[in-house]
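A quick write-up on the structure given underneath.
The values are calculated or read from the model by the stated rules, or taken from the named source; none is laboratory data. Note that the structure is a prediction, hence the values are computed from the model and not measured. Counting neighbours? That spans all protein chains shown, and the Cβs are built from the backbone with ideal geometry, glycine included. When the accessible area is computed, the model is the full protein with side chains, heavy atoms only, and any ligands, DNA or RNA have been set aside. Shrake-Rupley method; radii C 1.70, N 1.55, O 1.52, S 1.80 Å.
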Amino acid sequence: MDFYGGQRDLERKVIRVLHERSFVDDPTRVFRAIRFEQRFGFHIEKHTLTLLRAATASDLVRRLSSPRLRNEVMRMVSEQTPTLAIRRMAEFDLLRFLHADLALTSHLAGLLVDLGKSLAWWKKRFPRRPLDRALVCLMGLLDGLSASATDSVAKRLALPGEQANKLRLAKKHLAPAQRSLAQHRSPKASETYRALVNLPNEGLVLLIAKAGSKGITRLVSAYVATQQHVKPSLNGTDLKALGIKPGPVYKKILDRCSRRA
């Protein structure tokens, strides 16, 4: 039984809604139509496209709860080639439902392409190191936004605590890390460590994509392989045992020791 011509649509590679109110009844179908269109190389049927454009031109998407919107956005950026889906989202002006200042510029489009290459590099270089691929792509998508705007997106999507924290860490520490590494042709291991220690792995992948430098890629690779989990033998307990009163001086002493590495 095929009352709605599904077999025919599959053969013709067509995305089609079942009824006029499909997007009104459930605005998440807007995202799914785009995701399936790009994943399978299908095309959205003409009348369905008209309905989709009408739905995105309205504020129907704003009705979605944070978890439902997050699920669709994260699924979108989890696709094998998320740039295609993001371009389509921009075409339908869907990015505004994440933040009013979010737009797909030529610079951002280029960054997302480079990010795909960085993700492939990480998978090949560190196949056993866990990585939240969707979060990496979300970081890239939000790269041009301010810290406060990024926080607004995290709240709108109700990102779980760990993802939200990684997003904020990357926003805060990525640019300083890139500047620090760019200033030194051959930084010491301790200098590389201090530049990268506050970045989650997802932020390291974004750093490689943004820097576009083989030198920085080598530094990140060495950091992840040998330095990331190194702990200094001297710690606060040792300093306390020496009779040094706990306080900001501890950080100064430990930093001074690490500079000799």
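May I ask for the distance between the Cα centers of the range 122-168 and the range 188-241, given as a whole number of Å?
19
Alpha carbons only, please: Rg and Dmax for the range 60-175, in angstrom.
13.7, 43
If you take the beta carbon distance between A241 and D151 as r and set R0 to 35 Å, what does 1/(1 + (r/R0)^6) give as a FRET efficiency, to the nearest 0.05? Numbers along the way, then the final one.
Working: r = 41 Å, r/R0 = 1.17.
Computed FRET efficiency for A241 and D151: 0.30.
If each residue of separation counts as 0.36 nm, what is the full-extension length gain between R179 and D93 once their alpha-carbon separation is subtracted?
Numbers: separation 86, 0.36 × 86 = 30.96 nm, distance 3.35 nm.
Length gained between R179 and D93: 27.6 nm.
Hey, what's the Kirkwood Rh for the chain if you take every pair of different alpha carbons, in angstrom? Mind dumping the intermediate values first?
On the way: mean 1/r = 0.0478 Å⁻¹.
By the Kirkwood definition, the hydrodynamic radius is 20.9 Å.
Name the long-range amide H neighbours of I44: under 5 Å, sequence gap of 5 or more, or other chain; modelled H, no Pro or chain starts.
Close amide H contacts, sequence-distant or interchain: I15.
HN-Hα J couplings of the range 10-15 from phi, Karplus 6.51/-1.76/1.60, θ = phi - 60°, integer Hz, Gly and Pro as x?
Coupling constants for the range 10-15: 4, 5, 8, 6, 10, 9 Hz.
7 Å from Cα along Cα→Cβ at both V197 and S66: what's the point-to-point distance in nm?
Going by the 7 Å Cα→Cβ label model, 3.2 nm.
State which entries of K46/K210; K124/K172; K13/K123; K123/K210; K171/K245; K123/K166 exceed 29 angstrom in Cα-Cα distance in the structure shown.
Numbers: K46/K210 38 Å; K124/K172 27 Å; K13/K123 32 Å; K123/K210 18 Å; K171/K245 34 Å; K123/K166 19 Å.
Result: K46/K210; K13/K123; K171/K245 exceed 29 Å.
What's the magnitude of the charge dipole for the range 5-151 around its Cα centre, counting Lys and Arg as +1 and Asp and Glu as -1 at the beta-carbon? Answer in Debye, nearest 20. Could you put the intermediate results ahead of the total?
On the way: 26 positive and 17 negative charges, 131 e Å.
The dipole of the range 5-151 has a size of about 620 debye.
To the nearest 10 Å², what's Y193's accessible area with a 1.4 Å probe?
Y193 exposes around 60 Å² with every protein chain in place.
Ordering K155, K166 by how much accessible area each has at a 1.4 Å probe, largest first, what is the list?
Working: K155 150, K166 45 Å².
Output order, biggest surface exposure first: K155, K166.
Helices from the chain with mean Kyte-Doolittle at least -1.0 and a Cα length along the axis of 27 Å or more, per DSSP H: which?
Details: long enough: 106-125 (29 Å, -0.02); 161-183 (33 Å, -0.87).
Within the chain the helices that satisfy the rule are 106-125, 161-183.
In Å, what Rg and Dmax follow from the Cα atoms of the range 158-239?
13.7, 41
In percent, what relative contact order does the range 62-211 have, based on Cα pairs under 8 Å that are 6 or more apart in sequence? Numbers along the way, then the final one.
Numbers: 128 pairs, mean separation 44.8, N = 150.
Contact order relative to length: 30 percent.
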